[in-house]
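For reference, the structure is listed below as structure tokens.
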Amino acid sequence: MSVVNAPEATAVGFAPEEMDYSLSTRQARLKWVVVVSSDLPPGRAANAAICAAAPTVTSVPGLLGAEAADAQGAVHPGLPWAGCSVLVADPATLRAIRAKAVSRADTFVADVPVAAQSTRVYSEFIAAVGEARTEDIDYCALSIVGPRNRVDKIVGKLPLMS
């Protein structure tokens with residue numbers, strides 16, 4: 001997986017004072033979407049979405065809400081308080097969406113190149129990606145976080161994964 005526009009280079013994330021758990025997910029300043037290739041079977045699509053989300057939650061501050069304790073005191077880890085939509089797109093659209101998203105300094109992008117699901121050794125994945133030109137890479141999934149209106153423009157009217 002590769003991470004583009006990492007927080008060190010851009011200020012993508014929520015400040016602690018912005019994390020208002022009483023807001024609707026549609027009221028949050030940032031929007032998080034994961035876009036998965038419509039060509040993938042369900043299991044590989046789920047894998048790609050999870051692999052795209054993993055670097056996102058570790059790289060974008062404030063995505064996860066506070067832990068929640070149930071009535072018996074068992075603690076449940078925090079979830080994305082501002083939501084996360086999982087959408088689908090064909091491979092050509094995924095590539096175009098990635099190009100648009102990485103061109104924005106105010107947008108975080110993590111991608112899952114197809115090589116991630118065709119190799120079993122991480123060094124082989126790194127080598128496969130290293131041999132390909134950016135414009136020639138196909139993607140299994142993308143994770144995008146950025147200003148709500150910008151992300152909406154980037155992903156357009158893509159359907160939710162069903």
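Show the residue pairs that are 6+ apart or on different chains and have beta-carbon atoms under 7 Å apart, the first residue being within the stretch 70-96 and β-branched (Val, Ile, Thr) and in a strand (DSSP E or B), the second being open to solvent by 50 Å² or more (accessible area, probe 1.4 Å) and at pLDDT 95 or above.
The qualifying pairs are 75/67; 75/69; 86/160; 86/161; 88/38; 88/159; 88/161.
Please indicate, with yes or no, whether at least one residue in the stretch 74-95 is open to solvent by 60 Å² or more (accessible area, probe 1.4 Å), over 17 Å from residue 144 (Cβ atoms) and in contact with a helix residue (DSSP H, G or I) (Cβ under 8 Å, 6 or more places away or on another chain).
no
Residue 37 versus (1) open to solvent by less than 40 Å² (accessible area, probe 1.4 Å); (2) farther than 25 Å from residue 120 by Cβ; (3) polar (S, T, N, Q): which is the lone unmet condition?
The failed condition is (2).
Residues of the stretch 116-162 being part of a loop (DSSP other than H, G, I, E, B), loosely packed, with under 12 Cβ neighbours inside 10 Å and of a type in the set (Asp, Glu), which ones?
Passing the criteria: only 131.
If you take the residues of the stretch 40-73 that are open to solvent by 70 Å² or more (accessible area, probe 1.4 Å) and among the β-branched types (Val, Ile, Thr), which of them is farthest from residue 158 (Cα to Cα)?
Among residues in the stretch 40-73 that are open to solvent by 70 Å² or more (accessible area, probe 1.4 Å) and among the β-branched types (Val, Ile, Thr), the one farthest from residue 158 (Cα to Cα) is 58.
With 95, 148 as the choices, which residue is basic (Lys, Arg), closer than 19 Å to residue 53 by Cβ and in contact with a strand residue (DSSP E or B) (Cβ under 9 Å, 6 or more places away or on another chain)?
148
Is it true that residue 92 is over 16 Å from residue 12 (Cβ atoms) and within 17 Å of the chain's Cα centre (by Cα)? Break it down into steps so the answer makes sense when it comes.
Details: over 16 Å from residue 12 (Cβ atoms): yes; within 17 Å of the chain's Cα centre (by Cα): no.
So residue 92 fails the test.
The values are calculated or read from the model by the stated rules, or taken from the named source; none is laboratory data. This one's a predicted model, so the numbers in the text were calculated from it and none came from an experiment. Backbone-built Cβ (ideal geometry, glycine too); neighbour counts: all protein chains shown. Ligands, DNA and RNA are excluded from the accessible area calculation, which covers all protein heavy atoms including side chains. Shrake-Rupley method; radii C 1.70, N 1.55, O 1.52, S 1.80 Å.
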